[in-house]
1. Sort 19-28, 40-49, 134-143 by packing, meaning the average of other beta carbons within 10 Å per residue, with the highest value first.
2. Beta carbons within 10 angstrom, averaged per residue: use that to sort the peptides 92-100, 65-73, 119-127, 161-169, highest first.
3. Collect residues whose amide H, placed 1.01 Å from N in the peptide plane, falls under 5 Å from the amide H of Ser95; neighbours closer than 5 in sequence don't count.
4. Under a 5 Å amide H to amide H cut-off, with H placed in plane at 1.01 Å, what residues pair with Phe21 once short-range neighbours are removed?
5. Cα atoms only: what Rg and Dmax, in Å, come out for the range 63-180?
6. So what is the relative contact order of the range 17-164, in percent, for Cα pairs below 8 Å that sit 6 or more residues apart?
7. For the range 17-164, what proportion of DSSP beta bridges, expressed in % and rounded to the nearest 5, is antiparallel?
8. Taking a temperature of 25 °C and a viscosity of 0.890 mPa s, what whole-number D in µm²/s does Stokes-Einstein yield for the range 75-119 with Rh from Kirkwood over alpha carbon pairs?
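Since every read-out is calculated from the coordinates, none of them should be taken as a lab result. Everything numeric in this text was worked out from a predicted model, so none of it was measured. Please note: Cβ atoms are built from the backbone with ideal geometry, for glycine as well, and neighbour counts cover all protein chains shown.
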Amino acid sequence: MYERWDVLPDGEREQWVLEPFESVGPLRFGMLIDEVSNILSRRTDDLQRYSGPCLAEDPYGLVTGRYPSFGLTLYYWDERLRGVSADALCGPQVSVEGVALTGRRPSELGKWLWGRADALAPAKELVVMGGGEFCSESLGVVIGVQRAGDGLLTRPVCFPAEGLHYLHDFLPDEAFQISG
């Protein structure tokens with residue numbers, strides 16, 4: 001039985017690859033809600049639970065979809081996928097450039113991101129957001145954190161290129177808050 005504080009080992013997680021600004025595992029940014037649901041119905045018995053839209057007068061505004069047992073939070077605008085967040089405890093293991101992003105110690109992943117940013121200099125690469133989260137501007141990912149017992153583990157939040165320059169308007173604040 002899954003306990004809220006247990007961390008699923010990597011070998012028991014789905015293995016997904018982040019293609020920067022394009023896709024996360026089988027999900028491509030811009031997909032319709034029904035397309036996402038169809039793909040994920042073949043991977044989990046968990047049903048997508050929706051919240052939103054935020055404004056009653058905007059029925060096609062921001063909608064959040066959650067697969068709690070599968071460990072996935074999805075953000076939609078006009079019924080199209082615009083953000084994917086993998087739960088640190090039980091979500092898919094999202095990797096990029098051979099590096100695992102889900103369920104890691106924030107300091108380890110931060111060290112890798114700093115080293116990667118140094119190698120890409122002088123290009124602007126790494127942004128430290130208001131809550132201390134790292135945002136890689138070349139990978140299209142914010143490394144959020146999530147409680148795991150008394151510690152914190154990484155929770156990647158991936159997005160398409162359209163969100164790069166106004167991320168806090170593109171995705172809801174909850175996407176970047178410490179969860180758990």
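1. Order by mean packing, descending: 134-143, 19-28, 40-49.
2. Descending packing order for the listed peptides: 65-73, 92-100, 161-169, 119-127.
3. Trp16, Val17, Leu18, Leu101
4. Placed amide hydrogens put Phe159 under 5 Å from Phe21.
5. 13.6, 42
6. The value is 22 percent.
7. Taking every DSSP beta bridge within the range 17-164, about 95 percent pair in antiparallel fashion.
8. It diffuses with D of about 200 µm²/s by this estimate.
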